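The values are calculated or read from the model by the stated rules, or taken from the named source; none is laboratory data. All figures in this text were calculated on a predicted structure; none of them were measured in a lab. Glycine also receives a Cβ, built like all others from the backbone with ideal geometry; neighbour counts cover every protein chain displayed.
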Amino acid sequence: MTIKERVFSGMQPTGSLHLGNYLGAMLQWIELQKTHECIYCVVDLHAITVWQEPAELRRSIRQVTAAYIAAGLDPEKSILFNQSQVSAHAELAWIFNCVARLGWLGRMTQFKEKAGKDREKASVGLYAYPNLMAADILAYKATHVPVGDDQKQHLELSRDIAQKFNNDYREQIESIGYTDGIFFPQPEPVITGPATRVMSLRDGTKKMSKSDPSDLSRINLTDDKDTIAKKVQKAKTDPEPLPSEPDGLKGRPEAENLVGIYAALVGDPVTKVLTDVGGAQFSSFKKTLAEAAVERLAPLTSEAARMMQDPAGIDRILADGSERARELAAPIMAEVKEIVGFIHY
Ligand code: AQP
């Protein structure tokens, strides 16, 4: 049976999106919608694996949706919805909780980082997060998943789950017509954004993240011009001038990060950027970088803010996308239930 190419990806409404989400994942999403059937989700079930204030969560779901559209996702062309409106995600995640092994999840670095020292106090959901992510993708039999570099390990786990499900239920899978025994495809990570790992502006060894307590560590897609300029100006650097070649960035994580961000924003290779700015001091480079960030992000920010004036309009887009997503997932879930041995009508 030939497997149709289908793209799935999502972001957590755990705050407003930042430059890392944009350069690492969203730009690829926009590119892929030109050539593929795409499903883009606001993963609210994932968000509550750590505590979210309900009113704030609702606002973030709309904010993230507005940012998707303002950045260039077309809700007519792609399916755009929030995860909790499509019950297939939670249903399939439960089945995958019973397929995945504890040992597999125990190796996930994101859980270790997010749970910190006090693991006993982390939610069960945070531990099982990768199983839900596998369900997000496989409820649609998606084949391609555009993500930032940090999601590589979770994607590998999704592949292992798909494989184990296919192996465990091979006989039943063949009996319903999948003669090659392949029910779930092996989803491929697409990690090709212009900056697959954007680092914190305060610490070049840490990923830029929504949950970093310091707002100065990231450029949010809701920040105004002055805030962007202030954050870039306060970004950590080292005392050396900028090098003229990429080798000169080795061992200088903050310099490497700022140059990488600039290169991604203007769409030039790092070598070209360094040819142009090599020898300059950070004070002047930061001004150029802030201008590039403002130029790129200002239209997006103002369009998202405009959309936020009409929350009901955003909710209608999510309702429409959810309906289309439910239709795609329903026949797949019916087969899953048949394969597993559930009675279903
Ligand atoms: N710093 C980053 N550089 C490149 N890509 C990134 N992504 C996230 N941070 C960076 C990519 O954005 C997509 C959505 O991520 P997410 O919202 O599901 O959560 P995350 O990966 O855990 O990102 P955050 O910002 O660190 O969120 P919190 O703090 O809530 O956990 C993914 O494709 C991710 O790779």
Taking the options S78, S16, name whichever one is among the hydroxyl-bearing types (S, T, Y) and more than 15 Å from the ligand (Cβ to nearest atom). S78
If the Cβ limit is 7 Å and pairs must be 6+ apart or interchain, which residue in the stretch 141-159 that is over 18 Å from K207 (Cβ atoms) pairs with which residue that is within 8 Å of the ligand (Cβ to nearest atom)? V145/S9
Go through the stretch 109-127 residue by residue and tally those that are more than 15 Å from the chain's Cα centre (by Cα) and touching a residue at least 40 places away in the same chain (Cβ under 8 Å). 5
If you check every pair at least six apart or on different chains, which have Cβ atoms under 6 Å apart with a residue in the stretch 187-202 that is among the charged types (D, E, K, R) first and a residue that is within 8 Å of the ligand (Cβ to nearest atom) second? R197/D149
Filter result for T65 (among the β-branched types (V, I, T), touching a residue at least 12 places away in the same chain (Cβ under 8 Å) and more than 8 Å from the ligand (Cβ to nearest atom)): yes
Find all pairs meeting these conditions: Cβ atoms under 7 angstrom apart; at least six residues apart or on different chains; first residue within the stretch 240-269 and at negative phi and assigned to a helix (DSSP H, G or I); second residue surrounded by fewer than 16 Cβ atoms within 10 Å (Cβ to Cβ) and hydroxyl-bearing (S, T, Y). P246/T271; P253/T205
Kindly establish whether T179 is within 16 Å of the ligand (Cβ to nearest atom), assigned to a loop (DSSP other than H, G, I, E, B) and surrounded by fewer than 22 Cβ atoms within 10 Å (Cβ to Cβ). no
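The rows are residues; the columns are (1) buried (at least 20 other Cβ atoms within 10 Å of the Cβ); (2) farther than 25 Å from Y68 by Cα; (3) in the same structural domain as P13 (by TED's automatic domain parsing).
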residue	(1), (2), (3)
A229	no, no, no
T237	no, yes, no
E245	no, yes, no
G248	no, yes, no
E256	no, yes, no
P269	no, yes, no
K272	no, yes, no
F285	yes, yes, no
L289	yes, no, no
